[in-house]
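Visitor: To start, I am sharing the structure in question, which I have written as structure tokens.
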Amino acid sequence: MKLYNTLTRKKSDFKAIKEKEVRMYSCGPTVYSHAHIGNLRAYIISDTLRRMFEHRSYKVIHVMNITDVGHLVGDGSLGEDKLKQTARIEHKSAKEIAKEYERLFLKDIKKIGIKMPSIIARATDHIPQMLNLIESLERRGYLYKAETGIYFDTSKFKDYGNLSGTDFKRLNSSLIGGARIERPSGTRNITDFAVWRFSPEKEKEMVWDSKYGRGFPGWHIECSAISMEYLGNHFDVHTGGVDHIQIHHQNEIAQSEGATGEKFVNFWVHNEFLKVNGSKMSKSLHNTYTIEDLEGMGISPQGYRYFVLTGHYRSIMNMTKEALGNAQRTIASIHSFIERISGYDAEGKPDREFIEEIASLEREFFEWMEDDMNTPEALASLHALISVVNKCHSTGKLSKAGRDAVMATLLKMDSVLGLSFKEHTETKPLAAEPKRLIEEREKARQSGDFKSADEIRQELKERFGIIVEDGKNGSVWRRQ
Ligand code: AMP
Ligand code: ZN
């Protein structure tokens with residue numbers, strides 16, 4: 001399987017450190033508000049990657065953190081903790097805010113077909129591990145004290161900048177893009193960051209005593225401490241959005257490799273951003289959407305997941321109502337296709353050629369998935385399979401063996417797509433809308449309005465794949 005590695009800036013064959021086991025880490029959410037669908041793009045991608053590893057028979061240990069402390073407002077290292085800010089506004093404790101948004105996040109990822117990570121670790125449950133890591137860094141001479149906290153001296157880490165391929169000197173020129181960068185008092189380099197931040201005496205919430213003084217951890221240290229706690233000093237894959245390459249992930253590398261002297265992560269996998277009507281998704285532009293917002297617009301969680309998979313994970317995607325609507329219609333038609341063929345009484349003779357064609361499309365699908373998770377091309381193979389089946393079905397030739405082969409292939413494809421195909425394999429009772437239409441048609445027919453009856457029959461066929469036939473004892477319906 002080939003994967004693009006941000007660290008080497010090329011696609012290469014994935015090789016696990018331990019045979020048959022993949023250890024992977026994904027930066028989790030900061031639980032001070034709802035995850036927006038851009039965040040969920042990142043988690044759909046890491047879930048699809050995990051599913052690919054499992055498809056290739058690896059045992060996957062997938063760790064995700066929950067940032068429930070220490071993530072400051074703004075990109076710099078100054079400002080208020082985002083959680084404490086929300087707690088202040090909502091008159092709740094930071095703990096209550098974190099607990100509530102963590103619950104909502106886990107509900108969202110379940111809805112969207114994301115498998116639960118093997119370990120979900122809260123930052124506040126790992127303060128001792130973070131302090132241990134800070135002590136190792138102190139012993140190795142990477143830290144110094146400034147006015148607001150204990151800082152990592154990035155000039156001492158020789159590979160600083162290797163992840164984004166940016167030179168340390170350029171990163172630290174105090175004029176970046178024409179603007180002078182402010183830095184916290186007493187710090188040495190622009191890229192230096194706090195591993196521990198001091199809290200004022202009066203602060204009662206989310207503070208811990210330590211040998212460095214009363215305070216709370218810097219945001220970056222939690223990912224280094226949590227990932228190494230569960231996956232070891234050196235593990236296979238780390239995922240996240242491209243926004244984290246330059247600062248957060250670079251800092252994770254500096255802290256982890258600085259403390260252990262070992263290589264931290266082999267493969268860095270980054271997803272590109274989801275934009276809204278061409279703009280960045282951000283609270284200040286009022287264009288962030290949640291899964292609930294989408295549901296209100298008639299887009300199901302599977303519809304959104306399908307939409308995400310129509311783009312390559314390394315391409316910027318643009319969300320428009322039209323694109324979401326198309327994705328919703330397509331996933332609904334795939335689901336109804338699956339319902340239709342699972343309820344179909346296959347009678348034709350087994351057809352070797354057909355079964356071979358299905359097997360070849362399955363191979364093609366996985367070849368695309370193994371080529372740096374090329375989901376748009378893989379979906380094209382899925383659609384090719386659906387047309388082959390529809391063609392065969394319409395000529396009445398689909399055999400039971402053929403149908404079983406199709407179902408097995410679809411379920412294998414869905415084991416990596418995560419689009420709930422299995423739930424549509426049972427023949428279900430009629431949904432409310434077709435049921436209502438059938439009743440309406442029956443009334444029209446009985447009152448002699450055959451024109452309306454014919455129109456409704458056509459609608460049932462086109463929208464739901466339901467065939468209605470009139471017999472002596474009234475009309476009967478079946479799935480196409
Ligand atoms: P955060 O809580 O900001 O760390 O975000 C959680 C994850 O979502 C990170 O991996 C981010 O890189 C990613 N992310 C944030 N915004 C977007 C977006 N608009 N599109 C895709 N990924 C995003
Ligand atoms: Zn992280």
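Visitor: Say we look at the range 11-69 and pick out the residues that are away from ligand 1 (no atom under 16 Å from the Cβ) and of a type in the set (A, V, I, L, M); which of these is surrounded by the fewest Cβ atoms within 10 Å (Cβ to Cβ)?
Guide: Residue satisfying both the conditions and the ranking: Ile17.
Visitor: Filter the range 355-376 down to the residues that are touching a strand residue (DSSP E or B) at 6+ places or on another chain (Cβ under 8 Å) and part of a helix (DSSP H, G or I) and list them by number.
Guide: Glu370
Visitor: Still on this structure: Run down Ala431, Ala401, Ala405 and say which single residue is among the hydrophobic types (A, V, I, L, M, F, W, C), within 18 Å of Ile331 (Cα to Cα) and either in contact with a Cys (Cβ under 7 Å, 6 or more places away or on another chain) or at pLDDT below 95 (or both).
Guide: The conditions single out Ala431.
Conditions (1) open to solvent by 70 Å² or more (accessible area, probe 1.4 Å); (2) of a type in the set (Ser, Thr, Tyr); (3) in contact (Cβ under 8 Å) with a residue 60 or more places away in the chain; (4) assigned to a helix (DSSP H, G or I), marked per residue:
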| site | (1), (2), (3), (4) |
| --- | --- |
| His126 | no, no, yes, yes |
| Leu133 | no, no, yes, yes |
| Ser136 | no, yes, yes, yes |
| Leu163 | no, no, yes, no |
| Arg170 | yes, no, no, yes |
| Pro184 | no, no, yes, no |
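Visitor: Then there is this: Residues of the range 260-285 being away from ligand 2 (no atom under 16 Å from the Cβ), within 22 Å of Asn162 (Cα to Cα) and not basic (Lys, Arg), which ones?
Guide: Residues satisfying the conditions are Thr260, Gly261, Glu262, Asn266, Glu272, Phe273.
Visitor: For the range 254-261, does any single residue satisfy the condition of being more than 10 Å from ligand 1 (Cβ to nearest atom), open to solvent by 10 Å² or more (accessible area, probe 1.4 Å) and outside the structural domain of Asn162 (by TED's automatic domain parsing)?
Guide: No, the range 254-261 contains no residue that is more than 10 Å from ligand 1 (Cβ to nearest atom), open to solvent by 10 Å² or more (accessible area, probe 1.4 Å) and outside the structural domain of Asn162 (by TED's automatic domain parsing).
Visitor: Using the structure shown, decide if Gly303 is within 18 Å of Ile109 (Cβ to Cβ) and not aromatic (Phe, Trp, Tyr).
Guide: Yes.
Visitor: Further, regarding this structure: Please state which one of Gly296, Gly311 is outside the structural domain of Glu462 (by TED's automatic domain parsing) and within 17 Å of the chain's Cα centre (by Cα).
Guide: It is Gly311.
Visitor: Right, here's the next one. Which members of the range 378-420 meet the condition of being closer than 22 Å to Ile112 by Cβ, open to solvent by 40 Å² or more (accessible area, probe 1.4 Å) and free of Cβ contacts under 8 Å to residues at least 24 places away in the same chain?
Guide: Across the range 378-420, the qualifying residues are His383, Leu411.
Visitor: Which pairs do you get when a residue that is in the same structural domain as Ala384 (by TED's automatic domain parsing), found in the range 349-368, comes within reach of a residue that is of a type in the set (Asp, Glu) and open to solvent by 70 Å² or more (accessible area, probe 1.4 Å), reach meaning Cβ atoms under 9 angstrom, with the pair 6+ apart or on two chains?
Guide: The qualifying pairs are Glu364/Glu377; Phe365/Glu377; Glu367/Glu377; Trp368/Glu377.
Visitor: For the range 1-66, please list each of the strands (runs of 3 or more DSSP E) lying entirely inside it that holds at least 1 residues being in contact with a Leu (Cβ under 7 Å, 6 or more places away or on another chain) and within 15 Å of ligand 2 (Cβ to nearest atom).
Guide: Where strands (runs of 3 or more DSSP E) fall fully within the range 1-66 and carry at least 1 residues being in contact with a Leu (Cβ under 7 Å, 6 or more places away or on another chain) and within 15 Å of ligand 2 (Cβ to nearest atom), they are 21-26, 59-66.
Visitor: What's the total number of residues in the range 223-252 that are more than 16 Å from ligand 1 (Cβ to nearest atom) and either within 22 Å of Lys11 (Cα to Cα) or in contact (Cβ under 8 Å) with a residue 60 or more places away in the chain (or both)?
Guide: 9
Visitor: For the range 78-89, state whether one or more residues are assigned by TED's automatic domain parsing to the domain that holds Met228, more than 15 Å from ligand 1 (Cβ to nearest atom), assigned to a helix (DSSP H, G or I) and at pLDDT 80 or above.
Guide: yes
Visitor: Something else about it: Residues to consider are Tyr304, Tyr289; find the one that is of a type outside the set (A, V, I, L, M) and open to solvent by 10 Å² or more (accessible area, probe 1.4 Å).
Guide: After ruling out the rest, the residue left standing is Tyr289.
Visitor: Can you name every one of the helices (runs of 4 or more DSSP H) wholly within the range 227-326 that holds 3 or more residues which are charged (D, E, K, R)?
Guide: 291-296
Visitor: Hey, any hits in the range 459-473 for a residue that's under 34 Å from the mean Cα position of the chain (by Cα), modelled with pLDDT of 90 or more and either among the aromatic types (Phe, Trp, Tyr) or more than 30 Å from Glu370 (Cα to Cα) (or both)?
Guide: Scanning the range 459-473 turns up no residue that is under 34 Å from the mean Cα position of the chain (by Cα), modelled with pLDDT of 90 or more and either among the aromatic types (Phe, Trp, Tyr) or more than 30 Å from Glu370 (Cα to Cα) (or both).
Visitor: State all residues of the range 238-253 that are within 13 Å of ligand 2 (Cβ to nearest atom), open to solvent by less than 50 Å² (accessible area, probe 1.4 Å) and of a type in the set (A, V, I, L, M, F, W, C); if no residue qualifies, say none.
Guide: Correct list: Ile245, Ile253.
Visitor: Restricting to the range 78-92, count the residues that are within 23 Å of Trp196 (Cβ to Cβ) and either out of contact with any helix residue (DSSP H, G or I) (no Cβ under 6 Å at 6 or more places or on another chain) or of a type in the set (D, E, K, R) (or both).
Guide: 8
Visitor: Quick one: Arg441 ticks every box in (1) basic (Lys, Arg); (2) open to solvent by 30 Å² or more (accessible area, probe 1.4 Å); (3) not in a loop (DSSP other than H, G, I, E, B) except a single one, so which number is it?
Guide: Going through (1) basic (Lys, Arg); (2) open to solvent by 30 Å² or more (accessible area, probe 1.4 Å); (3) not in a loop (DSSP other than H, G, I, E, B) one by one, Arg441 breaks only (2).
Visitor: Asn318 passes all but one of (1) over 14 Å from Ile37 (Cα atoms); (2) within 17 Å of the chain's Cα centre (by Cα); which number fails?
Guide: Exception for Asn318: condition (1).
The values are calculated or read from the model by the stated rules, or taken from the named source; none is laboratory data. A quick note: this is a predicted structure, and the numbers were derived from the prediction, not measured. Positions of Cβ are generated from backbone atoms using ideal geometry, with glycine treated the same way; all protein chains shown enter the neighbour counts. These accessible areas exclude ligands, DNA and RNA; they are computed on the full protein's heavy atoms, side chains included. Shrake-Rupley method; radii C 1.70, N 1.55, O 1.52, S 1.80 Å.
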